[in-house]
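Notes follow the structure.
The values are calculated or read from the model by the stated rules, or taken from the named source; none is laboratory data. This one's a predicted model, so the numbers in the text were calculated from it and none came from an experiment. Neighbour counts run over all protein chains shown; Cβ positions are idealised from the backbone, glycine included. The protein model used for the area step is the full one, side chains on, heavy atoms only, and it has no ligands, DNA or RNA in it. Shrake-Rupley method; radii C 1.70, N 1.55, O 1.52, S 1.80 Å.
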Amino acid sequence: KKGNYLLTENVVVPSGIKTNIDKGTNFILKKDISILFKDDLFANGSKNEKITVKNFDKENPFGTFAIIGEENKSFVELSNFIIEGGSEQLIDGIVFLGQLSIHNAIVNISDSEINSSFSDDGSNIRNSNVKIISTIFKNNKFDALDLDFCNGQVIKNTFLSKGQKSNLGGDGIDLSGSNVIISDNIVKNFNDKGMSI
């Protein structure tokens with residue numbers, strides 16, 4: 001439900017429970033705290049009432065905000081969604097390498113922001129079908145977007161880094177084993193590569 005939530009311990013939503021997060025919901029996570037969804041997730045904010053996930057202490061990252069489809073691919077919709085200040089985490093024996101980590105899913109991300117991660121990837125998506133449109137990736141520590149073994153589209157997004165101070169050798173877009181249409185994106189100031197394919 002809409003509101004502000006301060007999380008001091010991990011939340012794991014098991015398989016069989018589909019989650020809808022109301023617009024105007026704000027999650028504030030303490031150091032190393034994570035949220036993991038094991039089924040469908042719908043987090044659709046609005047222009048005036050976004051959904052946010054942020055770290056409690058700006059010097060200390062939360063763990064990860066993660067979704068994994070276990071037996072079947074999960075459906076994931078994120079719009080008008082902002083995440084920042086996260087890292088990576090081992091949960092239930094699975095390593096999640098991005099502050100936003102999605103494994104084995106059908107993913108639609110639009111009009112969102114993925115910013116200021118402390119992790120290997122601002123967003124790490126694996127073994128998924130993706131459509132990422134009109135989203136901003138800004139000042140993530142290493143790679144902004146990492147797609148491993150994915151199919152889909154990355155269209156009209158903006159990937160920004162301040163350069164040496166904030167992006168320690170990362171890429172704007174990193175693709176491994178993926179078949180992705182990349183169109184009409186802006187990629188600026190990355191220390192390693194704009195796109196690594």
Apart from one, (1) open to solvent by 20 Å² or more (accessible area, probe 1.4 Å); (2) in a loop (DSSP other than H, G, I, E, B); (3) over 17 Å from ASN10 (Cβ atoms) all hold for ILE106; the odd one out is (2)
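Out of curiosity, is GLY63 under 22 Å from ALA105 (Cα atoms), among the small types (Gly, Ala, Ser) and without any contact (Cβ under 8 Å) to a residue 24 or more places away in the chain? Walk me through it before giving the result.
On the way: under 22 Å from ALA105 (Cα atoms): yes; among the small types (Gly, Ala, Ser): yes; without any contact (Cβ under 8 Å) to a residue 24 or more places away in the chain: no.
Against the criterion (under 22 Å from ALA105 (Cα atoms), among the small types (Gly, Ala, Ser) and without any contact (Cβ under 8 Å) to a residue 24 or more places away in the chain), GLY63 does not qualify.
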Counting only residues in region 46-79 that are of a type in the set (Lys, Arg) and at pLDDT 95 or above, the one most open to solvent (accessible area, probe 1.4 Å) is identified as LYS47
Within region 135-149, residues among the aliphatic types (A, V, I, L, M) and crowded, with 24+ Cβ neighbours inside 10 Å come out as ALA144, LEU145, LEU147
Inside region 1-39, can you point out the residues that are open to solvent by 50 Å² or more (accessible area, probe 1.4 Å), of a type in the set (Val, Ile, Thr) and either under 21 Å from PHE118 (Cβ atoms) or part of a strand (DSSP E or B) (or both)? THR8, VAL11, VAL12, ILE28
Residues of region 80-92 being open to solvent by 20 Å² or more (accessible area, probe 1.4 Å) and assigned to a strand (DSSP E or B), which ones? ILE82, GLU84, GLN89, LEU90
Residue check: is ILE155 open to solvent by less than 60 Å² (accessible area, probe 1.4 Å), of a type in the set (Val, Ile, Thr) and touching an Asp or Glu at 6+ places or on another chain (Cβ under 7 Å)? yes
Among the residues of region 123-134, is any surrounded by 18 or more Cβ atoms within 10 Å (Cβ to Cβ), among the charged types (D, E, K, R), out of contact with any Asp or Glu (no Cβ under 6 Å at 6 or more places or on another chain) and closer than 24 Å to SER46 by Cβ? no
